[in-house]
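Everything on this sheet refers to the single structure shown next.
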Amino acid sequence: MLPLTAIVEKMPKAELHMHLEGALEADLLFALSRRNNVAIRYETEDELRAAYNFTNLQSFLDVYYAGLTVLLKEQDFYDMTWAYLERTRADNVVHTEVFISPQAHTRRNIPFAVMFEGIDRALRDAEKRLDMTARLIIGIQRQFPEEAAFAMVEQAMPYRDRIAGIGMGGPEIGNPPGKFARVFERARELGWRTMAHAGEEGPAAFIAEAVDVLKVDRIDHGVRCDEDPALVARLRDLQIPLTVCPISNVKLKVYPDLAAHNLKRLLDAGLCVTVNSDDPSYFDGYVNKNYTGSQEALGLSAGDMYRLARNSFTAAFIGPAERQKHMAALDAFWTKNHGAIPRA
Ligand code: ADE
Ligand code: ZN
């Protein structure tokens, strides 16, 4: 029997909440800055990393939006995506759903096609060469008007079959989900799956609004749901998954440390909680570090860890046959390396 940390690292899992621009490592960021002749504020990689010292979501977004300006060409988007895919595969991620924020690029006059094609080529290569599946989700930037989100949806039309869904990120405070009700309605008509960042910094009411008004399939973060017990009960009854990112929440000061995180309480309340990396380069933690860090800090049991991996497949935007295949592989791994399958 392997130690629990090794089990957690090696078990097959899905990652459902990460931003490709947030996986841009400092070395690639510098390489792209030189390759494209785009000036950045920092002289060295260490100086850049020293700026990864955030006080809240906005302080992170400022650094993140500045960093992504080094992305200009199709190959740049490919390189960023490929580096993440190889890295997450090393954490035994067998299915990933990645966010891109098209508006962060099209506003800089990077054509949607340039961005999309670089990413899509890397996702296809991962399916061929890394023995994994990878889907793309486009994210609305909530600080911009509804009209800009509609324009993004229009630009995505030629690629609609290669896009799994639509989400929403950016500064949450002051930008309630309801602002994009009509865009989400259109997305659902297109057959896209839907999700929104809610209850990361914003109140529990934003989570309820994302569920009731946007009719989302999943909530990204959602940790502040625990301020409203009736909402927790609804999320449990509806089994609306929460894609939780524990290290992100600590780095952005939602919690003082991992020991204070409510992940365990949410799991114990019967919610479909998953663990993800969010912006692994900026938060210094790919998905396995989120699992093992939470396990150690919160004293999560083997059963909890099994449940988190299983939930990642339950919440993934995949078909029933694929889901069954992943769950069977998880169970086979678990039986071989740990023992009996924990009961729900
Ligand atoms: N964009 C990238 N990471 C984000 C986060 N944690 N919250 C909101 N928008 C984001
Ligand atoms: Zn996020």
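A Gaussian network model of the chain, with springs between Cα atoms under 10 Å, assigns the largest mean-square fluctuation among Asn56, Asn288, Asn249 to Asn56. Just so you know, the Cα atoms of region 1-115 work out to an Rg and Dmax of 15.9, 54 Å.
In the calculated pair-distance distribution of region 192-344, the portion above 27 angstrom amounts to 20 percent of the Cα-Cα pairs.
Sorting Asp120, Asp268 by the number of Cβ atoms found within 10 Å of their own Cβ, with the fewest placed first, yields Asp268, Asp120. Ranking Pro229, Thr194, Pro145 by how far each Cα lies toward the positive end of the dipole of the chain (charges on Cβ) leaves Thr194 at the top. Each Cα pair under 8 Å and six or more residues apart adds its separation to the average, and for the chain the resulting relative contact order is 21 percent. With contributions of -39500 (n - 2.57) from each DSSP H run of at least four residues, the per-residue ellipticity at 222 nm computed over the chain stands at -14500 deg cm²/dmol. Taking Cα centre as origin and charging only the Cβ of basic (Lys, Arg, +1) and acidic (Asp, Glu, -1) residues, the dipole magnitude of region 212-344 rounds to 360 debye. For region 130-231, the Cβ-based charge dipole about the Cα centre amounts to some 400 debye (Lys, Arg positive; Asp, Glu negative; other atoms uncharged). The ranking of Ile100, Ile166, Ile318, Ile173 by Cβ neighbour count inside 10 Å, starting from the fewest, reads Ile173, Ile318, Ile100, Ile166. Restricted to Cα atoms, region 241-303 shows a radius of gyration and a Dmax of 10.7, 31 angstrom. Please work out the C-alpha center-to-center distance from region 223-265 to region 134-196 and express it in whole Å. Computed from Cα coordinates, the inter-centre distance equals 23 Å. Working note: Debye formula, equal point scatterers on the alpha-carbon atoms of region 127-177, no solvent; log10 I(q)/I(0) at q = 0.12, 0.19, 0.21 Å⁻¹ is -0.36, -0.71, -0.79. Compactness check for the chain: Cα Rg over 2.2 N^0.38 Å is 0.94. Excluding same-chain neighbours fewer than eight residues apart, the aspartates and glutamates reachable from Lys73 by a Cα-Cα span under 16 Å are Glu21, Glu117, Asp120.
Residue order for Asp91, Asp131, fewest other beta carbons within 10 angstrom first, comes to Asp131, Asp91.
Comparing Cα centroids, region 267-344 and region 1-62 end up 22 angstrom apart.
Throughout, read-outs are computed from the coordinates displayed, never taken from laboratory work. Only a predicted model underlies this, so the values are computations on that prediction, with no experimental measurement involved. Counting neighbours? That spans all protein chains shown, and the Cβs are built from the backbone with ideal geometry, glycine included.
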